[in-house]
Amino acid sequence: MTVMNRLVQKGILQKKPQGKAFVYICRFTKEEFFEIQLKQLVYELVDEFGSKIIYHTLTRLQEVDIDFVKRLEQKVKEVKEARL
């Protein structure tokens, strides 16, 4: 019960009354939840390690699919254009 209520406080679950009890409902799909958690993790890593995490991420790109690299290049271009 304590864990469920903490997840409600964090916005992950919804708590709805049903009779004398409560029903807990997940607010996100599995994919949405992972996306939210991953985004938070990346922000924390950049805050903690700054350019080192970016450097190591870019180094890892040598081993990934070229289509992923192209999508990343497009995202970098969009970010740069938005900042100008």
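List of remarks:
- Answer residue from region 1-29, given it is part of a helix (DSSP H, G or I) and not aliphatic (A, V, I, L, M) and is farthest from the chain's Cα centre (by Cα) among those: Thr2
- Glu48 open to solvent by 70 Å² or more (accessible area, probe 1.4 Å), under 23 Å from Arg71 (Cβ atoms) and not aromatic (Phe, Trp, Tyr): no
- Some residue of region 58-74 being open to solvent by less than 100 Å² (accessible area, probe 1.4 Å) and basic (Lys, Arg): no
- Which numbered condition Glu32 fails, given (1) part of a helix (DSSP H, G or I); (2) touching a helix residue (DSSP H, G or I) at 6+ places or on another chain (Cβ under 8 Å): (2)
- Neighbours by Cβ (under 6 Å, 6+ apart or cross-chain): first from region 1-20, under 16 Å from Gln40 (Cβ atoms); second open to solvent by less than 90 Å² (accessible area, probe 1.4 Å) and among the hydrophobic types (A, V, I, L, M, F, W, C): Leu7/Leu13
- Qualifying positions in region 1-45 - among the basic types (Lys, Arg), surrounded by 13 or more Cβ atoms within 10 Å (Cβ to Cβ) and closer than 23 Å to Thr57 by Cα: none
The values are calculated or read from the model by the stated rules, or taken from the named source; none is laboratory data. Everything numeric in this text was worked out from a predicted model, so none of it was measured. Counting neighbours? That spans all protein chains shown, and the Cβs are built from the backbone with ideal geometry, glycine included. Side chains included, ligands, DNA and RNA excluded: accessible areas come from the protein's heavy atoms. Shrake-Rupley method; radii C 1.70, N 1.55, O 1.52, S 1.80 Å.
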